[in-house]
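This report concerns only the one structure given below.
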Amino acid sequence: MKLEEQKIHYSIGEISKILNVKNSLIRFWEKKFDIIKPKKNSRGNRIFSKNDVENISLIYHLLKEKKYTIEGAKKKIRENKDGVKKNYEIIQNLKKVRFQLVEIREELKK
């Protein structure tokens, strides 16, 4: 997941594009997980902080990549959120390294 460095707040549409999920899924997760707490602007639109986006990404990782149930993901976050976050960050960094290595391999083939 790639967030813009200068950006402070994200719309639900931006998050859905980053994670390639529907807006309705993010709204559903918002109801199920109390770690997602977007603010609402004067028009009633959700405004997500970077922390919210990181939490949504963590939930995505547990549910979609690790295949946890909603209750299992809630329990994992409740019991060891820091450990889960660290593991998620390590996985993301390894994916970046893998991508870079694949690019290097492709360049060497030319």
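Considering only residues of region 37-70 that are assigned to a loop (DSSP other than H, G, I, E, B) and in contact with a strand residue (DSSP E or B) (Cβ under 8 Å, 6 or more places away or on another chain), which is farthest from Lys86 (Cα to Cα)?
Of everything passing the filter in region 37-70, Asn41 is farthest from Lys86 (Cα to Cα).
Counting only residues that are over 18 Å from Asp52 (Cα atoms) and aliphatic (A, V, I, L, M), which one in region 76-110 is surrounded by the fewest Cβ atoms within 10 Å (Cβ to Cβ)?
So, considering only residues that are over 18 Å from Asp52 (Cα atoms) and aliphatic (A, V, I, L, M), the one surrounded by the fewest Cβ atoms within 10 Å (Cβ to Cβ) is Leu108.
So which of Glu54, Glu30 ends up being among the acidic types (Asp, Glu) and touching a residue at least 24 places away in the same chain (Cβ under 8 Å)?
Glu54
Please give the number of the condition Tyr60 fails out of (1) at pLDDT below 90; (2) surrounded by 18 or more Cβ atoms within 10 Å (Cβ to Cβ); (3) closer than 14 Å to Ile36 by Cα.
(1)
Does Ile26 fit the bill of being out of contact with any His (no Cβ under 9 Å at 6 or more places or on another chain), under 21 Å from Gln92 (Cα atoms), at pLDDT 95 or above and not in a strand (DSSP E or B)?
yes
The values are calculated or read from the model by the stated rules, or taken from the named source; none is laboratory data. Keep in mind the model is a prediction, meaning the values are calculated, not measured. Heads up, the Cβs are rebuilt from the backbone with ideal geometry, glycines too, and the neighbour counts pull from every protein chain shown.
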